[in-house]
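The values are calculated or read from the model by the stated rules, or taken from the named source; none is laboratory data. Given the structure is predicted, the values throughout are model-derived calculations rather than measurements. Here the Cβ is made from the backbone with ideal geometry for all residues, glycine too, and neighbour counts use every protein chain on show.
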Amino acid sequence: MSGREHHYEITMRWTGNTGKGTANYREYGRDHDLIAEGKPVIQASADPAFRGQPERWNPEELLVAALADCHMLTYLSLCARERLVVTAYEDTATGTMAEEGGGGRFTEVTLSPVVTIADPALADRAMELHHDANQDCFIARSVDFPVQHRPTIRSA
């Protein structure tokens, strides 16, 4: 690997021991905390389909969120470098995971950002930059399933 390396550290602490540990698959909790120094704790669990708590984030949601977040940050950076002014950005991202052979894997994630730009004459370039952002996004480059984009560009 050439270039700089960046390292990330989190602590994952299981909080789901109901008194018997994992003695019975149906009786232990899937609750856990994700902890990083100086940041709020993320309360997480398994997806409710896998006996988790619906009010907590699950790993599948966090993966979809990471892809959407990375794409947005990369996209905004590209726009700023080109002086293409974005005034609002919102994405409703979805992911599909298929269970297979006792496990599962993501088959795709679709990002659907709605981007508001200041200059309507730059709408085509604003649309093109989503492709560039996908090529540059650290997280999208790290997954082995397609990350689709269905952007909408609006003028302020």
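So that you can scan it fast, the table gives a plain yes or no per residue for (1) part of a loop (DSSP other than H, G, I, E, B); (2) closer than 30 Å to Glu5 by Cα:
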position: Tyr75; (1), (2): no, yes
position: Arg83; (1), (2): yes, yes
position: Thr96; (1), (2): no, no
position: Arg105; (1), (2): no, yes
position: Val109; (1), (2): no, yes
position: Asn134; (1), (2): no, yes
Criterion violated by Tyr75 - all others in (1) at positive phi; (2) surrounded by 15 or more Cβ atoms within 10 Å (Cβ to Cβ) satisfied: (1)
All but one of (1) out of contact with any strand residue (DSSP E or B) (no Cβ under 7 Å at 6 or more places or on another chain); (2) farther than 30 Å from Phe138 by Cα hold for Ala49; which doesn't? (2)
Looking at (1) touching a Ser or Thr at 6+ places or on another chain (Cβ under 6 Å); (2) small (Gly, Ala, Ser); (3) under 30 Å from Ala123 (Cβ atoms), which is the one condition that is false for Ser77? (1)
What is the one condition in (1) modelled with pLDDT of 95 or more; (2) surrounded by 10 or more Cβ atoms within 10 Å (Cβ to Cβ); (3) under 25 Å from Arg141 (Cα atoms); (4) out of contact with any helix residue (DSSP H, G or I) (no Cβ under 7 Å at 6 or more places or on another chain) that Val85 does not satisfy? (3)
Is at least one residue of the range 52-69 at pLDDT 95 or above, part of a strand (DSSP E or B) and touching a Leu at 6+ places or on another chain (Cβ under 9 Å)? yes
Exactly one condition in (1) in contact with a helix residue (DSSP H, G or I) (Cβ under 6 Å, 6 or more places away or on another chain); (2) assigned to a helix (DSSP H, G or I); (3) surrounded by fewer than 13 Cβ atoms within 10 Å (Cβ to Cβ) is not met by Arg141; state its number. (1)
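Residue-by-condition table, conditions (1) in the same structural domain as Phe145 (by TED's automatic domain parsing); (2) under 24 Å from Arg150 (Cβ atoms):
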position: Thr18; (1), (2): no, no
position: Tyr25; (1), (2): no, no
position: Arg30; (1), (2): no, no
position: Ala36; (1), (2): no, no
position: Ala46; (1), (2): no, no
position: Asp69; (1), (2): yes, yes
position: Arg83; (1), (2): yes, no
Selection from the range 1-51 of residues that are part of a loop (DSSP other than H, G, I, E, B) and among the β-branched types (Val, Ile, Thr): Ile10, Thr15, Thr18, Thr22, Val41
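Can you tell me which residue is surrounded by the fewest Cβ atoms within 10 Å (Cβ to Cβ) among those in the range 89-113 that are within 12 Å of Met72 (Cα to Cα) and of a type outside the set (Ser, Thr, Tyr)?
Of the range 89-113, the ones within 12 Å of Met72 (Cα to Cα) are 89-93, 111-113.
With the extra rule that they be of a type outside the set (Ser, Thr, Tyr), the set shrinks to 90-91, 93, 111, 113.
On the way: Glu90: 11, Asp91: 20, Ala93: 20, Leu111: 26, Pro113: 20.
In this case the residue turns out to be Glu90.
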Can you work out which of the residues in the range 23-46 that are surrounded by fewer than 17 Cβ atoms within 10 Å (Cβ to Cβ), acidic (Asp, Glu) and under 25 Å from Gly103 (Cβ atoms) is nearest to the chain's Cα centre (by Cα)? Asp33
